[in-house]
Structures are given as C-alpha cells and as structure tokens.
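Worksheet: one structure, shown below.
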Amino acid sequence: MVTNILIWLVVGGVIGWLVSLFMRTDAQQGIFLNIIVGIVGAVLGGWLLAPLAGAGTINNGDFSLPGLGVSFLGALILLALVNLVRRGAVRQPQARNRKMARSPRLSAASKVVPPA
C-alpha cells in the first residue's frame, strides 16, 4: 500500500514535470504543483481518454506505455485549461532571442524605416 502511494507520487510528479516543460510553465511551478498536475491529470485522463484508448492510468495501477500516455495527455489537458483560464492562452509564447527579449533598446542598424 505504501509503496503504491510512493510510486503514484513519483510517477505523477514526473508526468506533471514533463507536461509543465512542454507547456512552458515549469519556472512558475514547484515540485508540489507538478505532482498535483500529474495526479489530477491522470484522473482527468482516466475519465476522458482511457475509455477511448482502451488503457488505464497510473491511478489504476496501469504502468504500461498506453497508461502513461493517457496520464500524460490528461495532465496536458488539465494544464492547458488552467493556462486558458489564468492567462487567456493555452500555451505561453516562447521568446525567440532571449537577449533581445531582455533588452528594450534596439541598435540604429536594426530599426526598420518605412519607405517614404
């Protein structure tokens, strides 16, 4: 019983962490929130996706590849819904050039001048 709960927490944490990396929210979440996202996402995946995929989730003790995939997709849906409610966007935009994103000044050569 205790080992099942520990495995559940570890696998839920890893799934939550992978989903937060994919959704670009890892810097805002800690390990506790990653575990919560992984476990609640696995429950969501079990309700929505498991009947369609014919697989269980980590909550059902199904540690197969389809079971982990259903749990990952459930956590992905959960984090997308949370981001949509909090930010109005499903996924955070990625800065193309981190140096340009931090520096508000532009050099004279990079300014675009419209034709006269």
Which pairs turn up if I take residues in the stretch 47-68 that are closer than 12 Å to residue 7 by Cα and look for partners that are modelled with pLDDT under 75 and hydroxyl-bearing (Ser, Thr, Tyr) with beta carbon separation below 6 Å, at least 6 apart in sequence or on another chain? none
In the stretch 9-35, the residues that are out of contact with any Ser or Thr (no Cβ under 9 Å at 6 or more places or on another chain), surrounded by fewer than 17 Cβ atoms within 10 Å (Cβ to Cβ) and either of a type outside the set (A, V, I, L, M) or within 11 Å of residue 78 (Cα to Cα) (or both): 22, 24, 30, 32
Looking at the stretch 53-68, is at least one residue closer than 23 Å to residue 84 by Cβ, surrounded by fewer than 20 Cβ atoms within 10 Å (Cβ to Cβ) and more than 12 Å from the chain's Cα centre (by Cα)? no
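The values are calculated or read from the model by the stated rules, or taken from the named source; none is laboratory data. Since this is a predicted model, take the numbers as computed values, not measurements. Backbone-built Cβ (ideal geometry, glycine too); neighbour counts: all protein chains shown.
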